[in-house]
Amino acid sequence: GLFLAWGSRKDSGLDGGKFMLQLLRIAFGFIFAVLACGLFLAWGFFRAGHPEADPIAFATMVGSGLVGASVVGATALTPAAVAIVLAEAARLRSFLFHVGAAGVIAFAVWTLGAEAVDSTFRPGSAVALAAGFIGGGIYWLIAGRRSGCWHGTKAAGQVTHKPAKDDQPGRDHL
């Protein structure tokens, strides 16, 4: 229909196939990022060891990590969507952008509704930041490093080819 015709127009500079693939990467990247956050937080809370040493504690950790991931996903969905749209539109592929944005989102969600006691951080803020950083890294691995790949033309400053050795300026050719 209309969406496929829009995405496949050659004059628009967009590649509909790459766009659909990137949407899948975004969905899977977000899912795996929140799973990593939930499991990291649960592991830190339960400190479960190897599954053979205490299988019940390990199963509890995994179960609560999955529940925690759903809570993390629900609370972080809107700010993460804003960051993802920004990254896709501006073709921001930087590891530091994705990890930093996820850390800021995690910290903001963590401190949301916290009463300011004496201008100190809420207990657990470092853990929330670390969980965000892990989620951002996972997201970057799956989708963030390809942000904006569906745009038809290269972004300014992106190298389209590697110059040949004898194509370098300042070299005399004999």
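The values are calculated or read from the model by the stated rules, or taken from the named source; none is laboratory data. Owing to the predicted nature of the structure, the values given are computational and were not obtained by experimental measurement. Quick reminder, even Gly has a Cβ in these numbers, built from the backbone with ideal geometry, and neighbours come from all protein chains shown. Heavy atoms of the whole protein, side chains included, go into the accessibility calculation; ligands, DNA and RNA do not. Shrake-Rupley method; radii C 1.70, N 1.55, O 1.52, S 1.80 Å.
Here are some notes:
- For Val67, the conditions (1) surrounded by fewer than 17 Cβ atoms within 10 Å (Cβ to Cβ); (2) modelled with pLDDT under 95; (3) not small (Gly, Ala, Ser) are fulfilled apart from (2).
- Residue match in region 74-81 (condition: under 24 Å from Ala131 (Cα atoms), open to solvent by less than 40 Å² (accessible area, probe 1.4 Å), in a helix (DSSP H, G or I) and at pLDDT 95 or above): yes
- Pair list, Cβ under 9 Å, 6 or more apart: region 45-68 residue charged (D, E, K, R), other residue at pLDDT below 90 and not in a helix (DSSP H, G or I): Asp54/Ala48
- Within region 130-174, tally of residues that are closer than 28 Å to Phe28 by Cβ and at pLDDT 55 or above: 25
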